[in-house]
Amino acid sequence: MTENIFVDTDVIFDLLAKREPFYKYSARLFTHADKQELTICVSSLCFGNLNYILSKQKSASEARKILSRFKVLVKVLPVDDKVIELALNSDFGDFEDAIQYYCAIENGIKVLITRNLKDFKHARIPVLTAEEFVKQNE
């Protein structure tokens, strides 16, 4: 299973907030990353989004601590001018999803993991849920 995959913010939040019924497979996915069996890539945008969401549930300092512990599991990819240009000119209904998708594409990632499959229906790479990915690769 040694490959680079891109993981969307919703799957990460499932892990960090232990959101059921999604936590089980997101945890298994990140366990593979912890064991260095795969590399999980995320966009730099994810950290801003996650901090915002976590800060609504926890203190700002606790949110940062959670993100600091999480960061060791992932490779952070930049959201640059080209990614934004591609996202702005895309057919994606959700701009944030477009940014995530083009961040993955521009970095040569071959699989995107999300819980929001419907927004990625025109993707040129496989888009799977954490559950689908784990079941295919374990």
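All of the numbers you see were taken from the coordinates with simple rules; none came from a lab. These figures come from a predicted structure and were not determined experimentally. Every residue, glycine among them, receives a Cβ derived from its backbone with ideal geometry; neighbour counts consider all protein chains shown.
Label point of H122 set 7 angstrom out along Cα-Cβ; within region 91-108, amide nitrogens under 16 Å from it belong to 91-103, 105.
With each run of n ≥ 4 DSSP H residues scored as -39500 (n - 2.57), what mean residue ellipticity at 222 nm is computed for the chain after dividing by its residue count and rounding to the nearest 500 deg cm²/dmol?
Working: 7 runs with 74 residues, N = 138.
Helix-only estimate at 222 nm: -16000 deg cm²/dmol.
Under 11 Å from the Cβ of F47, count the other residues' Cβ atoms, weight Lys and Arg +1, Asp and Glu -1, and hand me the total.
Working: positive: R64, K71; negative: none.
Net of charged neighbours comes to +2.
Each of T39, T129, T31, T9 has some number of other Cβ atoms within 10 Å of its Cβ, and from fewest to most they run T31, T39, T129, T9.
A dipole drawn for the chain from +1 and -1 charges on Cβ atoms has a positive end, and of A130, I109, I99 the residue lying farthest that way is A130.
Could you give the dipole magnitude of the chain about its Cα centre, charging the beta-carbon of Lys and Arg +1 and that of Asp and Glu -1, in debye to the nearest 20? Could the numbers behind the result be given before it?
Numbers: 19 positive and 20 negative charges, 121 e Å.
It comes to approximately 580 debye.
Test of understanding: in a Gaussian network model of the chain with alpha carbons linked when under 10 Å, which of L88, L15, L29 would top the mean-square fluctuation ranking? For the chain, modelled as a Gaussian network with Cα springs under 10 Å, the answer is L88.
Taking 0.36 nm per residue of sequence separation and subtracting the Cα-Cα distance, how much length would be gained by fully extending the chain between K110 and K18, in nm to one decimal?
Values: separation 92, 0.36 × 92 = 33.12 nm, distance 2.66 nm.
Gain in length upon complete extension: 30.5 nm.
Couplings 3J(HN,Hα) for region 109-118, derived from phi with the Karplus relation 6.51 cos²θ - 1.76 cosθ + 1.60 (θ = phi - 60°), are 6, 9, 9, 10, 10, 8, 9, 9, 4, 4 Hz, where x marks Gly and Pro.
How high is the relative contact order of region 1-121, in percent, counting Cα pairs under 8 Å that sit 6 or more residues apart? Walk me through the numbers before you get to the answer.
Numbers: 144 pairs, mean separation 40.7, N = 121.
Across region 1-121, relative contact order equals 34 percent.
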